[in-house]
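The values are calculated or read from the model by the stated rules, or taken from the named source; none is laboratory data. Note that this is a predicted model, so its numbers are computed, not measured. Cβ sites come from the backbone with ideal geometry, for glycine too, and all protein chains shown count toward neighbours. Surface areas here come from the heavy atoms of the whole protein model, side chains and all, with no ligands, DNA or RNA. Shrake-Rupley method; radii C 1.70, N 1.55, O 1.52, S 1.80 Å.
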Amino acid sequence: MEPPARSDTGGGTSEAGARKRRPRRDNAACSSKLSRETDAGRLLLFRTPAWEPGPRPQHCPGDGFSLTSKNENARRPAAMSLFNTVRNTIVPVHKEGYPFVAAFFVASLVLGWIFKPLFWIGMIFTLWCAYFFRDPERVTPQDDDLVISPADGKVSAIQMVTPPAELNLGSEPMLRISVFMNVFNCHVNRAPMRGRIVSINYRSGSFVNAELDKASEDNERNGLVIETRHGQIGVVQIAGLVARRILCWANPNEPVDAGERFGLIRFGSRLDVFLPAGAAPRVSLGQTAVAGETVIAEFASAKGPVISRRS
């Protein structure tokens, strides 16, 4: 009687036993690839070899990155996030402020050469100057019935008054909404409504505190008349106690969009908006207004959602 054949599971010399003794790749780290293709109703399975010659790879084929690249990719998003945070925090400076920022910086260097602590004091003023001339983006509601604040600052007056004579808006009282800008507000001025610029009128004057009511009549000012869907409105730039320069880069007969930049006043000032009949105020005295975003008045009381434009 012949002895039974030797089992291959015990590590014998058969082909099946040899396959079991071959090194296998860690199934948990990298499983076999299965590729399926359907051709005339037949399903073909392709399996990667269970063993490959040469040094064992550090990652599965197709992973796209090694252990080292994992660390690099982990650091890269953090660095990009920090960069984006800094970029979004820093507000661009308007080009009109470049000469002033440069002058403050040069003065800081000169003062620091004379006495070192003065350099740091000068740098504080340089940073404040850059902050003063900041020109941030604003999201402006696009609705012809809305009146948008032309300036950053505090609403200092809401009353019915006769508009300045140089605007040629008649002698009947109009709704005037005034926004006072201190030296820490953004001083870029924006159009309150969409329309066409009819005229621009400059008038010299004094430089009393722009927060006072008499500043509308006594101070140096520059007035724009804009033809809108609801008639002509007036926008007046008024110089203040510290301000000595009113800038206006708009021109007569030019179209203008709500929220569009049209001027700038240096170092403290005020803007008055004169509105015809039918406008209802949407702000209160002492409220903080944001140029190009805050709705200060409205010609229609019942309106649905409006679209916005970034500028």
Given the conditions (1) more than 30 Å from the chain's Cα centre (by Cα); (2) open to solvent by 20 Å² or more (accessible area, probe 1.4 Å), and given that residue 124 satisfies all but one, which numbered condition is not satisfied? (1)
Pull out all pairs, ordered by first then second residue, where Cβ-Cβ is under 6 Å, the residues are six or more apart or on different chains, the first lies in region 246-275 and is among the charged types (D, E, K, R), and the second is modelled with pLDDT of 95 or more and open to solvent by 20 Å² or more (accessible area, probe 1.4 Å). 257/194
Looking at region 247-261, can you tell me whether even one residue there is surrounded by fewer than 17 Cβ atoms within 10 Å (Cβ to Cβ), over 29 Å from the mean Cα position of the chain (by Cα) and part of a loop (DSSP other than H, G, I, E, B)? yes
Residues that are surrounded by 17 or more Cβ atoms within 10 Å (Cβ to Cβ), of a type in the set (Gly, Ala, Ser), at pLDDT 90 or above and assigned to a strand (DSSP E or B), drawn from region 264-308: 289, 297
Here is a list: 185, 168. Which entry is surrounded by 17 or more Cβ atoms within 10 Å (Cβ to Cβ) and either more than 24 Å from residue 285 (Cβ to Cβ) or touching a helix residue (DSSP H, G or I) at 6+ places or on another chain (Cβ under 9 Å) (or both)? 185
Filter pass, residue 151 being in a loop (DSSP other than H, G, I, E, B) and open to solvent by less than 20 Å² (accessible area, probe 1.4 Å): yes
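Please count how many residues of region 174-201 are in a strand (DSSP E or B) and either of a type in the set (A, V, I, L, M, F, W, C) or without any contact (Cβ under 8 Å) to a residue 12 or more places away in the chain (or both). Steps first, answer last, please.
Pass one, region 174-201, residues in a strand (DSSP E or B): 174-181, 188-190, 195-201.
Right, trim to either of a type in the set (A, V, I, L, M, F, W, C) or without any contact (Cβ under 8 Å) to a residue 12 or more places away in the chain (or both) and you get 174-175, 177, 179-181, 188, 197-198, 200.
Summing the residues that are in a strand (DSSP E or B) and either of a type in the set (A, V, I, L, M, F, W, C) or without any contact (Cβ under 8 Å) to a residue 12 or more places away in the chain (or both) in region 174-201 gives 10.
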